[in-house]
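Notes follow the structure.
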Amino acid sequence: MAMQSPACQLLARQDADYRGWLWVAPPRDGWLESGEGLVWSADLDVCSAWQRAGRPAYDALTPPPTEVPGAVLFWPKSHALGAWWLTALNAALPAGTPLQIVGENQGGIKRVPKVLAGLDQACRKLDTARRCTLFATRTAENAGDTESVWRTLTVDGLTLATHPGVFGHGKVDDGTRLLMEAVTRSPLPASGKSAIKALDVGCGDGILTAWLAREGCEVTAGDINAFAVEATRRSLVANRLSGRVVQSDVYDQIDATFDAIVSNPPFHQERAIDYGPAERLIKEAPAHLVGGGSLTLVANAFLPYPEWLRAAFGDFEVLADDRRFRVYRAIKAWR
């Protein structure tokens, strides 16, 4: 079970009855997961943990029940995503529902009073500890539209849907661009079939998924984040392309083998570095590839991916290196 986060340590010391409350966008946390109430989150790992504990869990794009005693919003790193959650809470819950907002002082929580003022919501500071701050307010009658935050951008002739909190929101990551350039110069190894079966792990706004589909690949895409899954689906529709998109923690919901896995894997969880997903991506890749299948990924040059690639594949090559990012390719040996 996950350790107690600083924000939850602050909440745990409150003289408050949180029974039945709605916990919004929380981290993995043992105190929360062993308590009561229900969760509303875009993170599949969080929702799955609550479901395993027999607790109600709601996907970010599925409104929760409206009758709750109150709600706690864990303020995210993305300011725009925090504003989206506030709008969503005002739309989902009756006006006047108690709402608390908690977050780390270095994570933007101090901007919350100004954000709330823009929504005509008053707030007061309840507590500060563990380098975190807790505010209290109430939901309001708000005409804000949760759909309005969706944006589109055009990259290499592709129209991409983008949402706050999704990797690459509003722009193309330099690493992703280097990866696409490298694959253009060194195409994915083909197995002789009419279409390469490709998997995009950590699909984000769907740029790689759409690009691979346009190149003629039969694409499956996965991401742990519900907003990313929806963004990729919208990106495919916008470009009249087809592909399978699933919410998955790395390979957990992926039950097929592929000719190619292509990825710009994450290595941050909010502000903390987390190598876990990328390590799983690499070490478990051979089990999801056919013989001769390839793993092609981009990463910051300082990350320890070469040792994992050697352990999983025996060897690899560097397709591109601009000093900031490297594009690696490893091939699964024929048996």
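The residues listed here are Leu86, Leu134; of these, the one that is open to solvent by less than 20 Å² (accessible area, probe 1.4 Å), out of contact with any strand residue (DSSP E or B) (no Cβ under 6 Å at 6 or more places or on another chain) and hydrophobic (A, V, I, L, M, F, W, C) is Leu86.
Matching residues to (1) among the small types (Gly, Ala, Ser); (2) at pLDDT 95 or above; (3) open to solvent by 60 Å² or more (accessible area, probe 1.4 Å):
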site: Ser194; (1), (2), (3): yes, no, yes
site: Leu199; (1), (2), (3): no, yes, no
site: Thr257; (1), (2), (3): no, yes, yes
site: Pro265; (1), (2), (3): no, no, no
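Of the residues Ala136, Ala129, Ala161, the single one that is more than 26 Å from the chain's Cα centre (by Cα) and touching a residue at least 40 places away in the same chain (Cβ under 8 Å) is Ala129. Taken over region 240-267, the criterion of being in contact (Cβ under 8 Å) with a residue 40 or more places away in the chain and within 13 Å of the chain's Cα centre (by Cα) is satisfied by Gln247, Ser248, Asp249, Val250, Asn264, Pro265, Pro266. If you check Tyr251, Tyr305, Tyr275 for being open to solvent by less than 30 Å² (accessible area, probe 1.4 Å), farther than 24 Å from Trp40 by Cα and aromatic (Phe, Trp, Tyr), only one passes: Tyr305.
The listed residues are Gly144, Gly168, and the only one of them that is at positive phi and touching a helix residue (DSSP H, G or I) at 6+ places or on another chain (Cβ under 9 Å) turns out to be Gly168. Just one of the listed residues (Leu153, Leu160) is in contact with an Asp or Glu (Cβ under 6 Å, 6 or more places away or on another chain) and either in a strand (DSSP E or B) or open to solvent by 40 Å² or more (accessible area, probe 1.4 Å) (or both), namely Leu160.
The values are calculated or read from the model by the stated rules, or taken from the named source; none is laboratory data. Keep in mind that this is a model prediction, so the values were computed, not measured. With ideal geometry, Cβ positions are generated from the backbone for all residues, glycine too; neighbour counts draw on all protein chains shown. We work out accessible area using only protein heavy atoms, side chains counted, and drop any ligands, DNA or RNA first. Shrake-Rupley method; radii C 1.70, N 1.55, O 1.52, S 1.80 Å.
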